[in-house]
Amino acid sequence: MPGVKDGRPRGAAEVLASHPKAWEVVREFEMVLRRGEHADSASLAVNVASVLSVIVLATCKGGGETVDTAVRSVGRYLTEASKTSGFLVGNITRRVMKLVREIFADPDPEFSIKENLRNATSLFLDDMNEALTSMMENAAVAEQIHSDEVILTFGWSTTVEKLLKEAAKKRRFELIVAENSPECAGQGLARALASEAKLNVTLIPDVAIFAVMPRVHKVLLEAEAVMANGTMLAPSGTLLVATAARYYAKPILFCAELYKLTPSFPHNSMSVSYLQHPAEILRYEIASQMPNVDVLNPAFDHVPSELVSLLLTDSGVHSPLSYLPPSPEILRRGGFTTVRLTTALQAHTAVGMLWPNNASCST
């Protein structure tokens, strides 16, 4: 098999040995991932799609199986390089693999295979670039923020920032931003929305979240990934916000583009998280005085689907539970579960199931 050598999957360097220019593109992007230089998840998704498009066009002369092997190998290679964005890289890889298989299965006879792939990947990149814009323009998403409401958000997110700026053009509301210590990324969001959107913004420390929650009408957060059981993978500290909101029965809205939906299940709270350096939360001078204390600094929290009221995507507003697939017993009977999947979510779930041998790109 082209993708296997001596019983093990071929690595990206081995697969692209005869394509040095494509391998150079992969290596340059790998360094960007390892240094964490990507600005946000939207730009990262576009960049991953761009790199994989280069791989597709470079290897298309070898046939569909060769392209499939190359994209899979590069996807796994980039996933290992991106510890905190592995799910996103894996999701984009699966979608590119599905796109490639569709083109080779049913190409347009008026064009060559390479031209077919170039046109398809170009349209795919356009869709990726327009995902965030589509969310901003979706009427159902825009209706979630009303006049004179008090919105609470946590830290900084490009998606949340643009959504709030778009809402501020049509209605006035108050915003409370928890700073997300120790990075204090919320300070930048508060500054941008107060100066550019002219919103009434209140910046609070994380310890004040529970105290201000009674004043809040709804909570707006961003998910790094949406797991197959509806669990949201979000920056560390998000679970604190969601738990406080649930205690006071406040609606919790999560923003996530469709490319963040992943077929993986979180078997436990640490199985899909990433431990960052403990020096970010505890200085070495203090830690050295506590030799018997283990300091854990997880990058993500798991927010269970039962804590999430709505999921805002570029295809509209959904319940996180609508992502749950039908049970095997229901499928055998030919029926459906009481909670139906929307068309967009069904399509994305199908993409995720294309990964060969049940092997996730993030593992």
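The values are calculated or read from the model by the stated rules, or taken from the named source; none is laboratory data. Computed from a predicted structure; not experimentally measured. Don't worry about glycine lacking a Cβ; one is built from the backbone with ideal geometry, like all the others, and counts go over all protein chains shown. Accessible surface is based on the protein model in full, side chains and every heavy atom, while ligands, DNA and RNA are left aside. Shrake-Rupley method; radii C 1.70, N 1.55, O 1.52, S 1.80 Å.
Around residue 282, what is the net charge, scoring Lys/Arg as +1 and Asp/Glu as -1 over all other residues with Cβ under 15 Å from its Cβ? Each step should come with its number before you reach the end.
Values: positive: 283; negative: 183, 280, 285, 294.
For residues surrounding residue 282, the net value is -3.
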Check your understanding: Under 17 Å from the Cα of residue 83, which lysines turn up, not counting those fewer than eight places away in the same chain?
Key -> 260
Review point. Once the other residues with Cβ under 12 Å from the Cβ of residue 186 are scored (Lys, Arg +1; Asp, Glu -1), what is the net sum?
Key: -3
Practice item. Evaluate the distance, in nm, between pseudo-label points positioned 7 Å from the Cα of residue 282 and of residue 130 along their respective Cα→Cβ axes. Key: 5.0
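Quick check: net charge around residue 49, other residues with Cβ under 13 Å of its Cβ, Lys/Arg +1 and Asp/Glu -1? Don't jump to the answer; show the numbers that get you there.
Details: positive: 94, 95, 98; negative: 126, 127, 130, 257.
Once positives and negatives cancel, what remains is -1.
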Check your understanding: What whole-number value in Å² describes the accessible area per residue of the stretch 170-295 for a 1.4 Å probe?
Key -> 49
Practice item. Mind checking which lysines have their Cα closer than 23 Å to the Cα of residue 114? Skip sequence neighbours fewer than 8 apart in that chain. Key: 21, 61, 98
Study note, to complete from the structure: Cross-link reach from residue 218 to lysines, straight Cα distance under 21 Å and at least 8 residues apart if same chain, gives 162, 165, 169, 170, 198, 250
**Study point:** Between the stretch 54-86 and the stretch 94-127, the alpha-carbon center distance in angstrom
**Key:** 15
Exercise for review: At a 1.4 Å probe radius, which order do 148, 127 fall into by accessible area, largest first?
Suggested key: 148, 127
